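Visitor: Below is a structure I'd like to ask you about.
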Amino acid sequence: MWDVCSTSVVTTAAVSPPAPPADVDQALQRIRDHGGRVTRAKRTVAILLFDATDPLSVDDIVERSGLEQSVVYRTLGQFEELGIAEHVHVGHGGAVYRRRGRETVPVGCRVCGRTVELPESEVRSFAARVRDATGIELDLVHFPLSGRCSDCTDR
Ligand SMILES: [Zn+2]
Ligand SMILES: [Zn+2]
């Protein structure tokens, strides 16, 4: 069973993903453990993802790193396969990316794509009520809570 997204292919089968790396060094070690070479691009993207407060779009990463867009896409795809990064869909635009293992959930503006992180504790009781009422466990990361930010409402 494959969940095919615009930017990558994510398995939803029974294979449980590896524990998320705790920091950039562990992320780079995971690349080596899987036979990959730690290139400047991979190191740069890993540092950006671990430093970021909020999820980053491919354009954000291109802008901050100076890397080619195709290199950024390829690197993010490898990071997803290795369980280092995950992507989030906000509205109809492209996905945004964050490191795995955060204890926050993204909340996005469907209009401008701006995505901010909210402590998971803020939505835990809401998610539990939804599960009790519907039997559905919300995935608040892959398809996060979304709406319209104040900038976009004022416009
Ligand atoms: Zn997806
Ligand atoms: Zn907005």
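The values are calculated or read from the model by the stated rules, or taken from the named source; none is laboratory data. What you see is a predicted model; the values in this text were computed from it and never measured. No Cβ is skipped: glycine too gets one built from the backbone with ideal geometry, and neighbour counts run over all protein chains shown.
Residue-wise test of (1) touching a Gly at 6+ places or on another chain (Cβ under 9 Å); (2) within 13 Å of ligand 1 (Cβ to nearest atom).
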| site | (1), (2) |
| --- | --- |
| 61 | no, no |
| 69 | no, no |
| 72 | no, no |
| 76 | no, yes |
| 80 | no, yes |
| 93 | yes, yes |
| 98 | no, yes |
| 106 | no, yes |
| 109 | yes, no |
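Visitor: On to the next question. Please indicate, with yes or no, whether at least one residue in the range 45-55 is buried (at least 21 other Cβ atoms within 10 Å of the Cβ), closer than 28 Å to residue 139 by Cα and aromatic (Phe, Trp, Tyr).
Guide: To start, the set of residues in the range 45-55 that are buried (at least 21 other Cβ atoms within 10 Å of the Cβ) comprises 45-46, 49, 55.
Cutting the leftovers down to closer than 28 Å to residue 139 by Cα gives us 45-46, 49, 55.
Those still in the list that are aromatic (Phe, Trp, Tyr) too: none.
No.
Visitor: Moving on. Determine which member of the set 53, 39, 44 is polar (S, T, N, Q) and at pLDDT below 95. Talk me through it step by step, then tell me what you get.
Guide: Details: 39 fails: at pLDDT below 95; 44 fails: at pLDDT below 95.
Result: 53 is the single residue among 53, 39, 44 that is polar (S, T, N, Q) and at pLDDT below 95.
Visitor: Can you name the number of the only condition in (1) within 18 Å of residue 17 (Cα to Cα); (2) modelled with pLDDT of 95 or more; (3) touching a strand residue (DSSP E or B) at 6+ places or on another chain (Cβ under 8 Å) that residue 28 fails?
Guide: Only one criterion in (1) within 18 Å of residue 17 (Cα to Cα); (2) modelled with pLDDT of 95 or more; (3) touching a strand residue (DSSP E or B) at 6+ places or on another chain (Cβ under 8 Å) is unmet by residue 28, namely (3).
Quick grid of which residues meet (1) modelled with pLDDT under 95; (2) touching a Cys at 6+ places or on another chain (Cβ under 9 Å):
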{"site": "57", "(1), (2)": "yes, no"}
{"site": "65", "(1), (2)": "no, no"}
{"site": "73", "(1), (2)": "no, no"}
{"site": "101", "(1), (2)": "yes, no"}
{"site": "109", "(1), (2)": "yes, yes"}
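Visitor: Please note which strands (runs of 3 or more DSSP E) are completely contained in the range 59-155 and include at least 1 residues that are farther than 23 Å from residue 27 by Cβ. So that I can check it myself, show each step before the final result.
Guide: Details: elements: 85-88, 96-99, 104-109, 115-119, 145-147.
Passing ranges, in order: 104-109, 115-119, 145-147.
Visitor: Take the residues in the range 130-155 that are surrounded by 11 or more Cβ atoms within 10 Å (Cβ to Cβ) and more than 26 Å from residue 94 (Cα to Cα), then tell me which one is nearest to ligand 2 (Cβ to nearest atom).
Guide: First pass over the range 130-155, keeping only residues surrounded by 11 or more Cβ atoms within 10 Å (Cβ to Cβ): 130-131, 138, 140-149, 151-152.
Those left that are additionally more than 26 Å from residue 94 (Cα to Cα): 130-131.
Details: 130: 25, 131: 29 Å.
Top of the filtered list is 130.
Visitor: State whether the residues of the range 117-128 include one that is crowded, with 17+ Cβ neighbours inside 10 Å, within 16 Å of ligand 1 (Cβ to nearest atom), within 15 Å of the chain's Cα centre (by Cα) and within 27 Å of residue 42 (Cα to Cα). Reasoning before the result, please.
Guide: Just the residues of the range 117-128 that are crowded, with 17+ Cβ neighbours inside 10 Å, to begin with: 117, 123.
After this cut, where a residue has to be within 16 Å of ligand 1 (Cβ to nearest atom) as well, the list is none.
For the range 117-128, residues crowded, with 17+ Cβ neighbours inside 10 Å, within 16 Å of ligand 1 (Cβ to nearest atom), within 15 Å of the chain's Cα centre (by Cα) and within 27 Å of residue 42 (Cα to Cα): absent.
Visitor: Determine which member of the set 150, 146, 121, 125 is within 20 Å of residue 58 (Cβ to Cβ) and not assigned by TED's automatic domain parsing to the domain that holds residue 60.
Guide: 146
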